[in-house]
Amino acid sequence: MAHIQLKNISKTFGNHIALAGLNLDIADGEFFVLLGETGAGKTTTLRMVAGLEKPTEGQVFIDGVDVANWGAAERDVALVLQQYSLYPRYTVRENLEFPLKPKIRRIEPDEIKTRVDRVARTLRIEHLLDRKTDRLSGGEMQRVSIGRAIVRKPRVFLMDEPLSALDAKLREALRTELKNIQMNLGQTFLFVTHDQIEAMSMGDKVGVLNHGRIVQTGTPYEIYNNPRDTYVASFVGSPPMNLIDGKLVDNRAVMAPLNFELPLPVGARTIGATDGRPLVFGIRPEDVYLESGAPVEARVHDVENHGVEKILTLRVGDAMLRATVPARTDVEIEQPVRFAWNPDKVVLFDKGSGVSLRHAG
Ligand SMILES: Nc1ncnc2c1ncn2[C@@H]1O[C@H](COP(=O)(O)OP(=O)(O)O)[C@@H](O)[C@H]1O
Ligand SMILES: [Mg+2]
């Protein structure tokens, strides 16, 4: 059981502000991903929950209790780091037994064996149990590190970019495995990453952290489809959302400075997009389509083949925008094409603040 709350947490190192008024609410049993670029404050946040770092201001609650005076051991968290710290001269089995051995835990040898075997089965490392850990591959070592964390049934799992050092294939496999493990354990995971694909594929909830502040918290669906501001819009999604300056004129969306026109985004008026208000139009590449009768002419600037689809870069004057189209779409560089957007899928941001009109309230 662990419901984690961070209330108004600030952390400064000298005069550097690492976290500024951070609020987080992680429900019991939730897979929560904290997503942010390097230096955003992810590790600092994790260390604060673990009790390895004290907030300059604010409070951490575990199951409603302020844990300011609890040391790391009392908080009973398991930490998995990017750099695995296994005992190299010991076997995998000994490494997995280690967290169960301290005298205060008083676990019977039979029980230790049962637990280690069960974890080894879950992580598919049974065949490695008698091997020394310095004879393992990177992926195997990271499995053992995760095993060391889950063998012990802690209150909460904290994972700091545990997959970042692995190659792409392994990362993908472990992503699925970790998610399954979390669902089976039903325990609270706080997982930190700079990789938006990890965040979107694993998280029940995602918190986007930028410069020590949470910009948005939501399900992957909400973050992707209804980003709070242009930062989230361009950080999440690959290729990122197209962001084009413009305004509404009568019943048209007019892009600056080229004055090309696209159909009025659905619902634009009801969220406060008045005529002439400076806006940024956000449209995902998969919601831009080519059609012979479409309103805007562009040139194909670049074509990337991705198997099932192609990512086109379209050029209108100096403006570039991305469109994801089916692989069978036959286009050549510099070919003229016509495009439009799906007016249902356009997100409108205020040009000045960068905040989505849907979120501005
Ligand atoms: N012990 C420390 N002393 C000084 N600055 C620190 C310390 N720990 C972190 N920082 C700074 O705080 C900011 C956030 O760091 P960190 O939490 O490690 O970010 P992330 O994990 O998102 O990359 C960074 O600018 C980092 O340089
Ligand atoms: Mg970090």
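The values are calculated or read from the model by the stated rules, or taken from the named source; none is laboratory data. Please read all numbers here as calculations on a predicted model, not as lab measurements. Backbone-built Cβ (ideal geometry, glycine too); neighbour counts: all protein chains shown. To get the accessible areas, we keep the full protein, side chains included, count just its heavy atoms, and leave off ligands, DNA and RNA. Shrake-Rupley method; radii C 1.70, N 1.55, O 1.52, S 1.80 Å.
Would you work out the relative contact order for the stretch 173-247, in percent, from Cα pairs under 8 angstrom that are 6 or more residues apart?
Worked out over the stretch 173-247, it gives 19 percent.
Starting from the coordinates of the alpha-carbon atoms of the chain, obtain the Kirkwood hydrodynamic radius over all distinct pairs and give the value in Å to one decimal.
About 23.0 Å, per the Kirkwood formula over Cα pairs.
Mind listing the long-range amide H neighbours of Asp245? Cut-off is under 5 Å, sequence gap 5 or more, other chains count too, H placed in the peptide plane at 1.01 Å from N.
When sequence neighbours closer than 5 places are left aside, the close amide H contacts are Ala256, Phe281.
How large is the direction-averaged shadow of the alpha-carbon convex hull of the stretch 215-275, in nm²?
5.0 nm²
How big is the gap, in Å, between the Cα center of the stretch 161-221 and the Cα center of the stretch 290-361?
29 Å
Per-residue counts of other Cβ atoms within 10 Å, averaged by peptide: what ranking do you get for 305-316, 23-34, highest first?
My ranking of the peptides, most packed first, is 23-34, 305-316.
Rounded to the nearest whole Å², what accessible area per residue is found for the chain with the 1.4 Å probe?
49 Å²
Considering only the other residues whose Cβ falls under 12 Å of the Cβ of Pro257, what net charge follows from Lys and Arg at +1 and Asp and Glu at -1?
With Lys, Arg at +1 and Asp, Glu at -1, the neighbours total -1.
Evaluate Rg over Rh across the stretch 242-350, taking Cα atoms for both radii and Kirkwood's formula for Rh.
0.98
If you count, for each residue, the other Cβ atoms within 10 Å and average over each peptide, how do 217-228, 247-258, 271-282 line up from highest to lowest?
Packing proxy ranking, top to bottom: 217-228, 271-282, 247-258.
In the full protein assembly as shown, how much of Thr38 is accessible to a 1.4 Å probe, in Å² to the nearest 10?
Its accessible surface works out to 130 Å², give or take rounding.
Compute and list, largest first, the equivalent-ellipsoid semi-axes of the stretch 176-284 from the alpha carbon gyration tensor, each √(5λ) rounded to a whole angstrom.
Equivalent ellipsoid semi-axes, largest first: 35, 13, 12 Å.
Note down the Stokes-Einstein diffusion coefficient of the stretch 149-232 in µm²/s, whole number, using a Kirkwood radius over alpha carbon pairs, 10 °C, and 1.306 mPa s.
D = 115 µm²/s.
Can you check how the C-alpha radius of gyration of the stretch 289-361 compares to 2.2 N^0.38 Å, as a plain ratio?
The value comes to 1.29.
Would you work out the relative contact order for the stretch 242-350, in percent, from Cα pairs under 8 angstrom that are 6 or more residues apart?
The normalised contact order for the stretch 242-350 reaches 31 percent.
Over the chain, what is the relative contact order in whole percent, taking alpha-carbon pairs under 8 Å and six or more residues apart?
After rounding, I find 16 percent.
Roughly how big is the chain's charge dipole about its Cα centre, with Cβ charges of +1 (Lys, Arg) and -1 (Asp, Glu), in debye to the nearest 20?
My answer is approximately 1200 debye.
May I ask you to order 90-100, 51-61 by the average number of other C-beta atoms within 10 Å around their residues, highest value first?
Ranked by mean Cβ neighbours within 10 Å, highest first: 90-100, 51-61.
Computing the accessible area with a 1.4 Å probe over protein heavy atoms, can you report the carbon and sulfur percentage for the stretch 242-350?
49 percent
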